[in-house]
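The values are calculated or read from the model by the stated rules, or taken from the named source; none is laboratory data. These numbers were taken from a predicted model, which means no experiment stands behind them. Each accessible area value is taken on the protein alone, full model and side chains, heavy atoms only, with ligands, DNA and RNA left out. Shrake-Rupley method; radii C 1.70, N 1.55, O 1.52, S 1.80 Å.
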Amino acid sequence: MNLHEYQGKELLKSYGVKIQEGILVHNAEEAVAAAEKLKSDYNSDWCVVKAQIHAGGRGKGGGVKLAKSPEQAGELAGQIIGMMLKTPQTPPDGKLVRKALVAQDVYYPGPNETQEYYISILTDRGRGGNVIVYSPDGGMDIEKVAAETPERVFKEFIDPLLGLRPFQAAKVAFNLGLTGQAFKEMRTFVQKLYEAFVGSDASLFEINPCLKTSDDRIIAVDSKVVLDNNGLFRHPDLAAQRDKSEEDPTDVEAKEYDLNYVKLDGNVGCMVNGAGLAMATMDLIKLSGGDPANFLDVGGTADAERVENAMRIILKDPNVKAILINIFGGIVRCDRVAQGVVDAYRSIGNIPVPVIVRLQGTNADIAKKIIDESGLEVRGAVEFQEAADLVSKVLQ
């Protein structure tokens, strides 16, 4: 689950990580009031208005703007809120900005130079641990840094049983070239950041930029936080922060039906019970000359209601030219699944694409008979190769 920047910062702050303070607003009037509050708290007319969407690259797309007065903050917020913000991480049409963060100006003059860094923490599944990825060259062009000067990107691997050791946090600060108070601040920042990562069951933290201010404070100016859905039951407060308006409507609907659904770019819709069988089915589709349009696991209880809901979700994709239902009847009987498919087909009504149903396992022969005698435009199969041949035929 993705968090907005303002939500991620509040999470970090709760673990003692220093952040760029800000106030969430929904219109120009609220932005003016927020800027006035920040002016009072931090004695500066300047502030930053930042669009809140689940996508990076907001600055390059015009979603982050500097205001030199509360009045200008209101004007800029009025421009940003309601715009379709386009970045490399949004759909081609962009994303609608519904709210903005008015944040304090942290690039103030002081005795030392201001410096931006990049710090992220993520799970390294290959090593079975976590890794801190960091660079002294933070900011909007971190992708260019990684591509052109990979030696400027460092990694610190963390044993999850031991946790982040003090010398590792110090090593991060050292490799970033920090000394004195800034070194101490960064060491503490990294330690607190890792505590927040583990404590919130996150799969990704990305702080870009992580800023050394002109008076040697280390703060998170931005935050990208992705939480592991499997750990959300331990964090109902975080789960409640889910913003469905930022998610694909089809994904939201699939989650409401408790279906494991991932949209892909192909032309053959898949409905399968079991993740392993789903992967094999997608391979089958590729070998048959098609491309999978989705991953959809209906689980072990593929009754008529679940089949109908899954069918409706698949049909929302205009690229789908055929649907392959591939069910292995172990716990569930194939004849019940077949009847569920027939009932769902009749409930939905006209289905504009060919439907192939392959049922294998308990009562598979009875299931095929139910499909064949239904009088519907449904093609039944028992063997894998038979299903593959049917997919190839309907796509011709």
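Things worth noting here:
- Helical runs assigned H by DSSP (4 residues or longer) give the chain a calculated mean residue ellipticity at 222 nm of -11000 deg cm²/dmol, each run adding -39500 (n - 2.57) before division by the residue total.
- Helix 5-14 axis, angle to the chain major axis (alpha carbon atoms, nearest 10°): 70 degrees
- Whole-percent pair-distance distribution, where bins are 5 Å wide, for the alpha carbons of segment 1-115: 2, 13, 21, 22, 20, 14, 6, 2, 0
- Anisotropy class assigned to segment 251-396 is rounded, per the alpha carbon gyration tensor with a/c under the 1.5 cut-off.
- Antiparallel DSSP beta bridges within the chain, as percent of all bridges there, nearest 5: 70 percent
- Summarising the amide proton neighbourhood of Tyr118: residues at separation of 5 or more, or on other chains, whose placed amide H is nearer than 5 Å comprise Ser135, Asp137, Gly138, Cys210.
- Using a probe of 1.4 Å on the protein chains alone, the accessible area found for His26 is around 90 Å².
- For segment 1-155, the carbon plus sulfur part of the accessible surface works out to 51%, probe radius 1.4 Å.
- With θ taken as phi - 60° and the Karplus curve 6.51 cos²θ - 1.76 cosθ + 1.60 applied, the whole-hertz 3J(HN,Hα) list for segment 124-139 is 9, 5, x, 8, x, x, 10, 9, 9, 10, 8, 8, x, 10, x, x Hz, x standing for glycine and proline.
- For the chain, built as a Gaussian network whose Cα springs stay under 10 Å, the top-fluctuating residue of Gln168, Gln72, Gln385: Gln385
- Grouping the Cα pair distances of segment 239-304 into 10 Å bins from zero gives a pair-distance distribution of 20, 46, 27, 7, 0 percent in increasing distance order.
- Of Lys65, Lys50, Lys286, the residue with the greatest mean-square motion in the GNM of the chain, using alpha carbon springs below 10 Å, is Lys286.
- Global form of segment 10-54, assessed from the alpha-carbon gyration tensor, a/c cut-off 1.5: oblate
- Within segment 247-328, DSSP assigns beta bridges of which about 35% are antiparallel (rounded to the nearest 5).
- Principal axes of segment 69-109: Cα extent on each, largest first, Å: 38, 21, 12
- Reported value for segment 74-200: 170 Å³ per residue, from the convex hull of its C-alpha atoms.
- Acute angle (nearest 10 degrees) that the helix 70-80 long axis makes with the longest principal axis of the chain, alpha-carbon atoms: 20 degrees
- The HN-Hα couplings worked out from phi for segment 249-261 by the Karplus form 6.51 cos²θ - 1.76 cosθ + 1.60 (θ = phi - 60°) are x, 5, 4, 4, 5, 4, 5, 5, 8, 6, 9, 8, 10 Hz, whole numbers, x standing for Gly and Pro.
- Calculated accessible area for segment 279-383 comes out at 44 Å² per residue, all protein chains present (probe 1.4 Å; ligands, DNA, RNA ignored).
- Taken one residue at a time, the phi angles of segment 51-66 give Karplus couplings (6.51, -1.76, 1.60, θ = phi - 60°) of 4, 10, 9, 8, 6, x, x, 5, x, 5, x, x, x, 9, 9, 8 Hz. Gly and Pro are set to x.
- Three-way shape call for segment 118-260 based on the alpha-carbon gyration tensor, with the a/c threshold at 1.5: prolate
- Once the gyration tensor of the Cα atoms in the chain is diagonalised, the equivalent ellipsoid follows with semi-axes of 50, 24, 17 Å, ordered largest first.
- When only alpha carbons of segment 284-339 are considered, Rg and Dmax amount to 12.2, 33 Å.
- Close amide-amide hydrogen proximity is noted between Lys321 and Val268, Gly269, each under 5 Å apart and 5 or more residues distant or on a separate chain (H modeled in the peptide plane; Pro and chain starts excluded).
- In terms of distances greater than 21 angstrom between alpha carbons, the cross-link table entries Lys18/Lys39; Lys13/Lys171; Lys13/Lys37 yield Lys13/Lys171.
- Residues with amide H under 5 Å from that of Leu204, placed H, sequence gap 5 or more: Val226
- Tilt relative to the chain, helix 384-395 - C-alpha long axis, 0 to 90 degrees, to 10: 80 degrees
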